[in-house]
Amino acid sequence: MKEQNTAKGVLLVALGASSFGMLASFVKLAYAQGYTTAEVTLSQVLLGLICVTLINTLRKKTTEETKATSKDIRQLILAGTSMGFTSVLYYMAVSYINASIAVVLLMQSVWIGIVLDSIATKTFPTRLKIASVLIILTGTVLATNILASEIQLDIRGVIFGFLAACSFATTLFASGRIANHLAAPKRSMFMLCGAAIIVSIFVLITQIGPNNSEAMMQFYQQFSDNTSGIRNFDWSIFYSWGLVLALFGTVLPPIFLNMGFPLTGVGLGSIVSSLELPASVTVAFFVLNEKVILLQWVGILMILSAIVLMNSNLLFKKKEA
């Protein structure tokens, strides 16, 4: 029975990670149809919030379930703002660089999380974690193919991608420590409220607010994928790509991951969740026809190996138990 539960957990975590990995390719397709980062992020977050709220409302609640206090709600909404920043920054990165490279940059959240944990616990990382970080950084150099003389990485995409990794690491760090006594759908709902606030502000600044500000318009045209300048929000995104983005970005991943992690444990779950990286690169290769050379696959394998190495102690403890 225990082995069956573990296998079920592996499947659920793999589905959740793979779902999120496909997201960058769908965003690229939405961009190809003329939609902006503001339209993509707002449609994903709002539709995702509606879906998660419905799930939270319709699900069967147990009598032992703990109610959320005002403090829990405030903390979860605040933690959810990092989700909003992650979406905005990650999609801005995707507008400048390949989806396969953007997800490699996003995976830097692994070693950034180690740094955050070390600061929070006031402990120095172990030699195993330091070695894993060095492997991840080396793998990133290969996976982004930055050593190739003919490659031209847009520095804006690299910066946005790294900032998205910082924000994502903050999300993971906060979500693992805030209001864990609440049911997963309820925690997700409040965190998405925080994400919706950040994304709404981004939309107001980039597509509504700066119309009467020449300085803001110049700034937006320099750092936005919307090269035609400021225009009215295109609400058709909600029925063209919004539901797909919400499903693979804010609905399926948290549901599958929250169901799977208790069955796999942190060590095995973290390893399986790293399938997000090869899933994203593979989908980008087949759907977007993005070129991925052998050297990049070597770099991706190095990053995955570092994640396995980083969790090796947890795996051995699980086997011994």
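Counting only residues that are β-branched (Val, Ile, Thr) and outside any helix (DSSP H, G or I), the range 44-87 holds 4 of them. Determine whether the range 58-71 contains at least one residue that is modelled with pLDDT of 85 or more and open to solvent by less than 50 Å² (accessible area, probe 1.4 Å). No, every residue in the range 58-71 fails to be modelled with pLDDT of 85 or more and open to solvent by less than 50 Å² (accessible area, probe 1.4 Å). Filtered by the rule that a residue be under 18 Å from the mean Cα position of the chain (by Cα) and farther than 23 Å from Leu42 by Cβ, the range 179-201 gives a lone residue, Ala184. When Phe85 is tested against (1) closer than 22 Å to Leu47 by Cα; (2) free of Cβ contacts under 8 Å to residues at least 24 places away in the same chain, only condition (2) is not met.
Just for helices (runs of 4 or more DSSP H) wholly inside the range 242-319: which have at least 2 residues that are modelled with pLDDT of 80 or more?
By residue number, 243-246, 252-264, 276-287, 294-310.
Scanning the range 98-121 for residues that are of a type in the set (Val, Ile, Thr), open to solvent by 40 Å² or more (accessible area, probe 1.4 Å) and at pLDDT 80 or above turns up Val115, Ile119. Any residue at all in the range 13-22 that is of a type in the set (A, V, I, L, M, F, W, C), more than 22 Å from Ser274 (Cα to Cα), out of contact with any Asp or Glu (no Cβ under 9 Å at 6 or more places or on another chain) and buried (at least 21 other Cβ atoms within 10 Å of the Cβ)? The answer is no; no qualifying residue exists. Somewhere in the range 122-142, is a residue in contact (Cβ under 8 Å) with a residue 60 or more places away in the chain, under 17 Å from Ala24 (Cβ atoms) and open to solvent by 60 Å² or more (accessible area, probe 1.4 Å)? The answer is no; no qualifying residue exists. Quick one: is Leu163 crowded, with 17+ Cβ neighbours inside 10 Å, modelled with pLDDT under 85 and part of a helix (DSSP H, G or I)? When the stated conditions are applied, Leu163 does not pass them. Kindly evaluate Val40 against the criterion of being touching a Pro at 6+ places or on another chain (Cβ under 9 Å), open to solvent by less than 60 Å² (accessible area, probe 1.4 Å) and within 22 Å of Phe168 (Cβ to Cβ). Criteria not met by Val40. For the structure I just gave you, tell me whether Leu192 is modelled with pLDDT under 80, assigned to a helix (DSSP H, G or I) and either closer than 16 Å to Leu172 by Cα or open to solvent by 40 Å² or more (accessible area, probe 1.4 Å) (or both). Criteria not met by Leu192.
The number of residues in the range 63-95 being farther than 21 Å from Ile178 by Cβ and hydroxyl-bearing (Ser, Thr, Tyr) comes to 4.
Among the residues of the range 101-121, write down those that are of a type in the set (Ser, Thr, Tyr) and without any contact (Cβ under 8 Å) to a residue 40 or more places away in the chain. If the condition is that a residue be of a type in the set (Ser, Thr, Tyr) and without any contact (Cβ under 8 Å) to a residue 40 or more places away in the chain, then Ser118, Thr121 are the ones that fit.
Among the residues of the range 90-116, those identified as in a helix (DSSP H, G or I) and farther than 28 Å from Leu309 by Cβ are Tyr91, Met92, Val94. Residues in the range 23-43 that are of a type in the set (Gly, Ala, Ser) and not in a helix (DSSP H, G or I): Gly34 alone.
The values are calculated or read from the model by the stated rules, or taken from the named source; none is laboratory data. Just so we're clear, the structure is a prediction, and the values are computed from it rather than from any experiment. Positions of Cβ are backbone-derived with ideal geometry, glycine not excepted, and every protein chain shown enters the neighbour counts. Accessible surface is based on the protein model in full, side chains and every heavy atom, while ligands, DNA and RNA are left aside. Shrake-Rupley method; radii C 1.70, N 1.55, O 1.52, S 1.80 Å.
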